[in-house]
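**Student:** Attaching a single structure in structure tokens format; questions to follow.
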Amino acid sequence: MKKFIICFLFACMFLLSGCGGKSVAYSFIEQDAYHTGGNITFVYDHISHTAYFGDKGEFIEYYDEDIAKGWREEGNRIGFKIALPQNVDDYMSATAIIDGKEMSYDQFIVGEEVKYALFQPIVNKETSLLIIKIRWESSAKEQIYNIVIREGTGFINK
């Protein structure tokens, strides 16, 4: 009877905790190559996985709709990229959620030889924090990155 109870408890723990998924090392965030957002301060904290944009007296640029870049809306944008971690085998199953919108890999994974996730979201004065959730492949654990627009950062109008 003891063996049955112990087996039952282990089975319950396994089912309640789930498989957990493959661990993928956190990567780093850089400002995108185009410096989308303009000449603003960019700092990345690799411990908290938080990127900070702007500072007092700095302004985030305004961009028109640009279908070629995938921008279906006009507005103030910032741009950043997250390097694809080395131990990702199946990036084509990657998903990301940013600002509540889910994206499939073909909407954010770019690059030829070196792959990375590219994001250029619209931000405004009400946006002080964006949370990005990325699952680099279907079997991987979800990662969370934070994007902070620093207080005092302004926004260029159209």
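The values are calculated or read from the model by the stated rules, or taken from the named source; none is laboratory data. Note that the coordinates shown come from a computational prediction; the quantities given were computed from them, not determined experimentally. Positions of Cβ are generated from backbone atoms using ideal geometry, with glycine treated the same way; all protein chains shown enter the neighbour counts. Just so you know, the surface numbers come from the protein's heavy atoms only, side chains and all, with ligands and any DNA or RNA stripped out. Shrake-Rupley method; radii C 1.70, N 1.55, O 1.52, S 1.80 Å.
**Student:** I'd like to verify a number: residues in segment 1-30 that are at pLDDT 90 or above, of a type outside the set (A, V, I, L, M, F, W, C) and either more than 16 Å from residue 131 (Cα to Cα) or open to solvent by 40 Å² or more (accessible area, probe 1.4 Å) (or both), how many?
**Tutor:** Adding up the residues that qualify gives 2.
**Student:** Answer yes or no: is there a residue in segment 74-85 that is touching a residue at least 24 places away in the same chain (Cβ under 8 Å), open to solvent by 60 Å² or more (accessible area, probe 1.4 Å) and touching a Phe, Trp or Tyr at 6+ places or on another chain (Cβ under 7 Å).
**Tutor:** Taking segment 74-85 first, the residues touching a residue at least 24 places away in the same chain (Cβ under 8 Å) are 74-85.
Imposing the further condition that a residue be open to solvent by 60 Å² or more (accessible area, probe 1.4 Å) reduces the set to 74.
If we keep only those that are touching a Phe, Trp or Tyr at 6+ places or on another chain (Cβ under 7 Å) as well, we get 74.
Within segment 74-85, one or more residues are touching a residue at least 24 places away in the same chain (Cβ under 8 Å), open to solvent by 60 Å² or more (accessible area, probe 1.4 Å) and touching a Phe, Trp or Tyr at 6+ places or on another chain (Cβ under 7 Å).
**Student:** If I ask for residues that are open to solvent by 70 Å² or more (accessible area, probe 1.4 Å), at pLDDT 95 or above and not in a loop (DSSP other than H, G, I, E, B), which ones from segment 54-73 would you list?
**Tutor:** Matches in segment 54-73: 59 only.
**Student:** Quick check on residue 132: is it surrounded by fewer than 19 Cβ atoms within 10 Å (Cβ to Cβ) and of a type in the set (A, V, I, L, M)? So that I can check it myself, show each step before the final result.
**Tutor:** Values: surrounded by fewer than 19 Cβ atoms within 10 Å (Cβ to Cβ): no; of a type in the set (A, V, I, L, M): yes.
No.
**Student:** Sticking with this structure for a sec: Looking at segment 98-129, which of the residues that are among the β-branched types (Val, Ile, Thr), over 12 Å from the mean Cα position of the chain (by Cα) and within 14 Å of residue 84 (Cβ to Cβ) is modelled with the highest pLDDT? If you could, list the steps in order and put the result at the bottom.
**Tutor:** Keep residues of segment 98-129 that are among the β-branched types (Val, Ile, Thr), which gives 98, 109-110, 114, 122-123, 127.
Now restrict to residues that are over 12 Å from the mean Cα position of the chain (by Cα): 110, 114, 122-123, 127.
Adding the requirement that they be within 14 Å of residue 84 (Cβ to Cβ) leaves 110, 114.
Numbers: 110: 94, 114: 88.
Per the stated criteria, the residue is 110.
**Student:** Among the residues that make up segment 44-53, is at least one of them in contact (Cβ under 8 Å) with a residue 60 or more places away in the chain, of a type in the set (S, T, N, Q), assigned to a strand (DSSP E or B) and open to solvent by less than 50 Å² (accessible area, probe 1.4 Å)?
**Tutor:** Taking segment 44-53 as the starting set, the residues that turn out to be in contact (Cβ under 8 Å) with a residue 60 or more places away in the chain are 48-53.
Filter once more, keeping what is of a type in the set (S, T, N, Q): 48, 50.
Applying the additional criterion that residues be assigned to a strand (DSSP E or B) yields 50.
From what is left, the residues that are open to solvent by less than 50 Å² (accessible area, probe 1.4 Å) are 50.
So far as segment 44-53 goes, yes, one or more of its residues are in contact (Cβ under 8 Å) with a residue 60 or more places away in the chain, of a type in the set (S, T, N, Q), assigned to a strand (DSSP E or B) and open to solvent by less than 50 Å² (accessible area, probe 1.4 Å).
**Student:** Let me ask you something else. Select, from 118, 130, the only residue that is touching a residue at least 60 places away in the same chain (Cβ under 8 Å) and not in a loop (DSSP other than H, G, I, E, B). Full working, then the answer.
**Tutor:** On the way: 130 fails: touching a residue at least 60 places away in the same chain (Cβ under 8 Å).
Of 118, 130, the one residue that is touching a residue at least 60 places away in the same chain (Cβ under 8 Å) and not in a loop (DSSP other than H, G, I, E, B) is 118.
**Student:** When segment 76-91 is examined, which residues are found to be part of a loop (DSSP other than H, G, I, E, B) and closer than 18 Å to residue 130 by Cβ? It would help to see each step written out before you state the result.
**Tutor:** Let us first name the residues in segment 76-91 that are part of a loop (DSSP other than H, G, I, E, B), namely 78-79, 84-90.
If the condition is that a residue be part of a loop (DSSP other than H, G, I, E, B) and closer than 18 Å to residue 130 by Cβ, then 78, 79 are the ones that fit.
**Student:** Out of segment 31-43, which residues are of a type outside the set (Asp, Glu), part of a loop (DSSP other than H, G, I, E, B) and open to solvent by less than 60 Å² (accessible area, probe 1.4 Å)? Please lay out each step first, then the result.
**Tutor:** Of all residues in segment 31-43, those of a type outside the set (Asp, Glu) come to 31, 33-43.
When the remaining residues are screened for being part of a loop (DSSP other than H, G, I, E, B), the result is 33-41.
Within segment 31-43, 36, 37, 38, 40, 41 meet the criteria.
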